[in-house]
1. Calculate the radius of gyration of the Cα atoms of the range 221-345 to one decimal place, then report Dmax, the largest Cα-Cα distance, as a whole number, both in Å.
2. For the range 298-399, divide the Cα radius of gyration by the Kirkwood radius and give the resulting Rg/Rh value with two decimals.
3. Output the antiparallel fraction of DSSP beta bridges having both residues in the range 420-578, as a percent to the nearest 5.
4. Direction-averaged shadow area of the convex hull around the Cα atoms of the range 60-192, nm²?
5. What are the extents of the Cα atoms of the range 139-292 along their three principal axes, listed from largest to smallest and rounded to whole Å?
6. Note down, for the range 123-179, the three equivalent ellipsoid semi-axes (square root of 5 times each alpha carbon gyration tensor eigenvalue), biggest first, whole angstrom.
7. Could you give the alpha-carbon Rg of the range 343-502 over 2.2 N^0.38 Å, rounded to two decimals?
8. Between Asp419 and Ile270, what is the FRET efficiency for a Förster distance of 41 Å, r being their Cβ-Cβ separation, to the nearest 0.05?
Amino acid sequence: MSFMGGAYVAGPQGPSSSQANAAAGLPFAGIPSEMIDRAADILESEPAHPEPEVEFAHRAPAAAPLSLRTMLRPHRRRVLLVVALVVIEAAATQAGPLLMQIGIDEGVATSRLDILGIVAAVYFATVAVHMAAGRARTSLGGRLGERLMYGLRVRVFSHFQRMSLSFYTSERAGVLMSRMTSDVEALTMLLQEGLVMMVVQGLTLAVITGVLFYLNVPLAALTVGVVVPVTLVLSLWFRRASESGYDRVRDRIAVVLADLSENLAGMRTITAYNRRRRNVAQHQVVVTDHEDANVYTSRVSSLYASAAEGVGIIGQAVVLGVGGWLVIDGRLTLGALTAFALYLTAFFAPIGQLVMLHNAYQQGQSAAAKLRELLARQPEVAEAPDAAPLGPIEGRISFEGVSFSYDGGDPVLADVNLDIPAGASLAIVGATGAGKSTIAKLAVRFYDPDEGTVRIDGADLRGVQLESLRRQFGVVPQEPFLFNGTIGDNIRFARPDAGDDEVAEACRVVGLEAFVASLPDGVDTPIHERGASLSAGERQLLALARAFLARPRVLILDEATSNLDLRSEARVERALDALLEGRTAVIVAHRLATAMRADRIAVVNNGRIAEIGSHEQLVESGGLYAAMFAAWESHATGDGAAATGQVTGAAGAASR
């Protein structure tokens, strides 16, 4: 088996994954056999790409707020070189009309062919200089822009990695996607071409203005006096009008992407409830809002462009009338008037370009403002400046007077006290919304308590480095997330350096061995995004194998068996015995069969620990847990399906 272009290709031992997927009616996930040789040739011609040097810390390094100035400051020398090339390019570009004036007045009017030859040669030389400077400026500016965008994308992505879980529960995924796509792309256009072209056109305007005054001061003063004030007033109006417009555009495209992302993720539910027509209508409303924002900016731009063009025509009429009169009167040569007219035409071209570039500048500024706002947000679960690395732990977890609420809402936990000895397992049961999963999330410091302290081996979680803490924890959620890649890649997620024998052992322990053996490429079989080609039970088993391979000291199981059928549950229960051996475990249990395997069981009711003890002790006490167990036991003689929800149902009934 070989890896080619991001897809695994099977050798002669069996069908490829793409063939197997095609036979099963699944999307394409490999390279067709007729293209394998061509793909190999392409890979051989690719330049070497060394592994990037990754620097990441849970505390963001001190940095100035995002702006064009702060982005360009570290590259001052390269920016100055680009500006120098721009000056050369602008000077070479605008030498033509002046050379034409010399050619007409000194060559044509006096019949001097030698002067015409020299002027023509200099003209060709300026064209060559213009082409060389433009090529160098484009290449250098393009590389600078790409380097800036690379740094910005890594900075934003790293910021996403630092943010707490609460950030992702309050923000829509599509809005965050727009920050990395449309906003960064707007800045890319501005930095790669926009700023450079603004400098080019600005210098061109300055050079032309200087030459106009050199040719004829009164005519230049009259022309500039008509054009510049009106253009300045128009530009100030356009700046105010377009700034608010482009802010609206950035907000609307974020909503469009958010709605699209949500619909793609929920397509199964949309199909099941026949919501397609209504969702199309809803998306039309969202897209219409985006269209309205763009129409507004287009209207403002068209008004500005047409007004600027009208000013230019008026200026040309003034030059033709006044300049012609000066030529007839003998105070201006024909060559000078020709050059003046050519320069005046070129004078209005940069103004039009600056109008268009100002649009890109406004879009880039709006995007920078959105990114600046994003980067200014700080994670709620932050690493303390003096956080100490956490050495190898034994695994004792303590909750001391812990109270917690989400986003300042109603309390979810109130004055919770727990002590889980190292190597012991605690199952947490209770009604839906009682706070079971919240206890598990606080134990791994996904959140910080509002009051009280959570400790690991006596150390306050707020005072330890997050990386050293999370490295020793394993988490298996109720809905495991699988990444686009192979089965082996997903199992190795926490330990990418794990060997094939270790992956095989993890599969064997959790009962995946037979399933993996049935696949065409074994652990190298690609799975689709989010594991869409696997059943819920298979995804859960993969998550358990991932946790086993990570070898954590503390294991958090958040209803990890709730999506399994009875046969799979039995296999997983046996796997849990091996997985939990010698480890501290917090098990949020939906099924009593899982809870009964723990050393102790805590019953959570209305955010408090109502009961805690072993299974036998809680049954004998006759409290909430005894009611749950009785309800579960009464259904045990049936097909088992009804027993699935008894923990929640019985807990709710008992609490009432």
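Rule-based calculations on the coordinates, nothing more; no lab input. All values derive from a computational prediction rather than experimental measurement. Using ideal geometry, Cβ is built from the backbone for each residue, glycine included, and neighbour counts are taken over all protein chains shown.
1. 25.9, 87
2. Rg/Rh for the range 298-399 comes to 1.56.
3. Values: 4 of 8 bridges.
Rounded to the nearest five, the antiparallel share is 50 percent.
4. Values: hull surface 42.9 nm².
In nm², the orientation-averaged hull projection of the range 60-192 is 10.7.
5. 77, 35, 26
6. On the way: eigenvalues 393, 23, 4 Å².
After scaling each eigenvalue by five and taking roots: 44, 11, 4 Å.
7. On the way: Rg = 25.0 Å, N = 160, 2.2 N^0.38 = 15.1 Å.
Expressed relative to 2.2 N^0.38 Å, the Cα Rg reads 1.65.
8. Details: r = 46 Å, r/R0 = 1.13.
The computed FRET efficiency comes out at 0.30.
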